[in-house]
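This report concerns only the one structure given below.
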Amino acid sequence: MKYVSTRGGMLAQGFSDILLEGLATDGGLAMPERIPQVSAAQLESWRSLPYHALAAEVLSLFISDIDAAQLKALTQAAYLPETFQSAEIVSLRPLYDGLSLLGLSEGPTLAFKDMAMQFLGQVFPHVLHTRGATLNILGATSGDTGSAAEYAMRGRDSVAVFMLSPFGRMSAFQRAQMYSLQDANIHNLAVKGVFDEAQDVVKALAGDLAFKNKYHLGAVNSINWARIAAQIVYYFHGWLRATTGPGQPVSFAVPSGNFGNILSGHIARSMGLPIRRLVLATNENNVLDEFFRTGIYRPRSAAQTFLTSSPSMDISRASNFERFVFDLVGRDAERVARLWQQLAAQGSFDLSAYLPEFTERYGFVSGTSTHQDRLSTIRQVIDRTGILLDPHTADGVKVAAPFVEEGVPMLVLETALPAKFSEVIEEALGRPAPVPRGLENLESLPQKVTVLPCDVASVRAYIAEHASL
Ligand SMILES: *Cc1c(COP(=O)(O)O)cnc(C)c1O
């Protein structure tokens, strides 16, 4: 399997090559040059597989430069029952009225990003070892991505993580989660600025090619194709758990921000998985809902981006959306390049000519959920089922409900556990979320963090001193 750029300006490369790169050299995103197809018979033959073996089957369709036995060993190490709190790794729990919850948040950082990141924590060291290389992962986080990356890479040789977080702007729980890691290869840098400023420092250093090459800088941000690939697995798993035989339709509802999670659903559907609807749920930052209703994509500025009670979906532009547009325009890379030029020049583009295809051909529908919707959905679901939702998952349930169809299970992706966002739970229910087993003392553990000014020179000096070479 080879990978091409959505903008057409990259020579086809293998999985291991694009694994270690961020954007393609032409500014586009890597996509498999064709979408592998899975037959109904093959799908049925996967019914009894444990999660890690299903992962090896699905991922092998996208990875031809790691041999099958090796890939099995990597997925087995990534999806351990003790890492995800159960043998099934991903649970399926019924709610009511055809809605179920696909439990993707049982990993070490209590959010679905662990599902992909734990695989990266295996495949990165493997590829680096084969190449005799090292990698210093540089990123900025406002919460979930950074901690998932740190837990996946902790203690691995050949990889170090330098994660910038905005000083004083994360919850006590999120800080404790990241800063309590004592591993020598994990560097928490609390910078005195907001997230966007931290992100600018990362972009400046990653854009300094001499510095980037000298210190082997890499990224694990949401445009990384390996993360998209690893997420495809749980759509197959969810379908296999929700059905009893071939061809039965299942819909998925996905709380969305950067369009990474639901893009994996789009790829799974394109592979032949019988997905009826992909329900895209946004919060008040509803750029994507607007696109799927009107065909016009108009990203917003940071100043126009609301701070909401489902903060991991507070995005102004959706990094992975370009991959869907690539498919939508018939994989015409020149067209994609022109659209993104237009976006840079005019701030929007119009694909309303494709409006009928969004649902008919690709299965997409969408909706917006607000702060009040989150609170009332959290109350309603706990009243009816005893299950406590996190605010992002509540957005998913709220937007999914009107799209439920007779005889078609609607699987809502649980993207975080409520303990991560306890203030919102307190607002909804008048009491905090229970702390998961084993994490009761998290906030009293010793923390390892370096506070730095939010500027390029300070972070550059820190990396130069601490990078593994
Ligand atoms: C990252 C995240 C999302 C958004 O996922 P995308 O892949 O960016 O669309 C939703 N909910 C939670 C809890 C997250 O951490």
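Each reported figure results from applying straightforward, stated rules to the coordinates on display, with no laboratory input. Fair warning: this is a prediction, and the values are worked out from it, not measured in the lab. Cβ sites come from the backbone with ideal geometry, for glycine too, and all protein chains shown count toward neighbours.
Going by neighbour counts of Cβ atoms within 10 Å, the residues Val435, Val325 line up, fewest first, as Val435, Val325. Excluding Pro434 itself, calculate the net charge of residues whose Cβ lies under 14 Å from the Cβ of Pro434, where each Lys or Arg counts +1 and each Asp or Glu counts -1. Cβ neighbours under 14 Å give a net charge of 0.
A protection proxy built from the mean count of other Cβ atoms within 10 Å ranks the segments 370-381, 106-117, 352-363, 148-159, most packed first, as 106-117, 148-159, 370-381, 352-363. With coordinates expressed along the principal axes, the C-alpha atoms belonging to the chain extend over 60, 54, 49 Å, beginning with the largest. With the simple model of a label 7 Å out from the Cα in the direction of the Cβ, Thr385 to Glu33 spans 4.4 nm.
Counting only residues at least eight positions apart within a chain, or on another chain, the lysines with an alpha carbon under 21 Å from that of Lys72 are Lys2, Lys113.
Looking at region 222-305, the pairs of alpha carbons with a distance over 20 Å make up 40% of the total. Once Lys and Arg get +1 and Asp and Glu get -1 on their Cβ, which of Ala226, Pro108, Ala78 lies farthest toward the positive end of the dipole of the chain? The residue sitting farthest along the positive end of the dipole is Ala226.
Here the chain is assigned +1 on the Cβ of each Lys and Arg and -1 on the Cβ of each Asp and Glu. Its dipole about the Cα centre then comes out at about 320 debye. Taking the Cα centre of region 1-84 as origin and assigning +1 to Lys and Arg Cβ atoms and -1 to Asp and Glu Cβ atoms, the resulting dipole is close to 180 debye. The loop-placed trypsin sites (Lys or Arg not before Pro) in region 1-109, going by DSSP, that have at most 12 neighbouring Cβ atoms within 10 Å of their Cβ come out as Arg34, Arg47.
For the chain, the mean residue ellipticity at 222 nm estimated from helices alone is -12500 deg cm²/dmol, where every DSSP H run of n ≥ 4 contributes -39500 (n - 2.57) and the total is divided by all residues, rounded to the nearest 500. Listed values for region 92-101 are Karplus-derived 3J(HN,Hα) couplings in whole Hz (6.51 cos²θ - 1.76 cosθ + 1.60, θ = phi - 60°), namely 10, 10, x, 9, 6, 6, x, 8, 9, 10, and x replaces Gly and Pro.
Backbone phi angles across region 355-364, fed through the Karplus curve with coefficients 6.51, -1.76 and 1.60 (θ = phi - 60°), yield HN-Hα couplings of 2, x, 6, 3, 8, 4, 9, 10, x, 6 Hz in residue order; Gly and Pro are listed as x.
Ranking Ile63, Ala419, Thr244 by Cα position along the charge dipole of the chain, where only Lys, Arg, Asp and Glu carry charges on their C-beta atoms, puts Ile63 farthest toward the positive end. Using a/c under 1.5 as the rounded threshold, could you call region 1-150 rounded, prolate or oblate? The axes a ≥ b ≥ c are square roots of the C-alpha gyration tensor eigenvalues, and prolate needs a/b larger than b/c, oblate otherwise. Since a/c reaches 1.5 and a/b is larger than b/c, the shape of region 1-150 is classed as prolate. Taken about its Cα centre, region 333-417 carries a charge dipole of roughly 180 debye when the Cβ of each Lys and Arg holds +1 and the Cβ of each Asp and Glu holds -1. Computed from phi, the 3J(HN,Hα) profile of region 459-469 under the Karplus parametrisation 6.51, -1.76, 1.60 (θ = phi - 60°) reads 5, 4, 5, 5, 5, 4, 7, 10, 5, 8, 10 Hz, with x in place of Gly and Pro. Database remark: amide H of Ala140 closer than 5 angstrom to the amide H of Leu164 (H placed geometrically; neighbours at sequence offset of 5 or more, or on other chains; Pro and chain starts carry no H). Length gained on full extension, Arg93 to Gln304, computed as 0.36 nm times the residue gap minus the Cα-Cα distance: 72.3 nm.
When each pair of different Cα atoms in region 373-469 is counted once in the 1/r mean, what is the Kirkwood radius in angstroms, to one decimal? Roughly 16.8 Å, rounded to one decimal. May I ask what percent, to the nearest 5, of DSSP beta bridges between residues of the chain are antiparallel? Restricted to the chain, the bridges split so that about 25 percent are antiparallel. Dipole orientation for the chain: of the candidates Gly272, Gln380, Val123, Val123 has the Cα lying most toward the positive pole (charges on Cβ; Lys, Arg +1; Asp, Glu -1).
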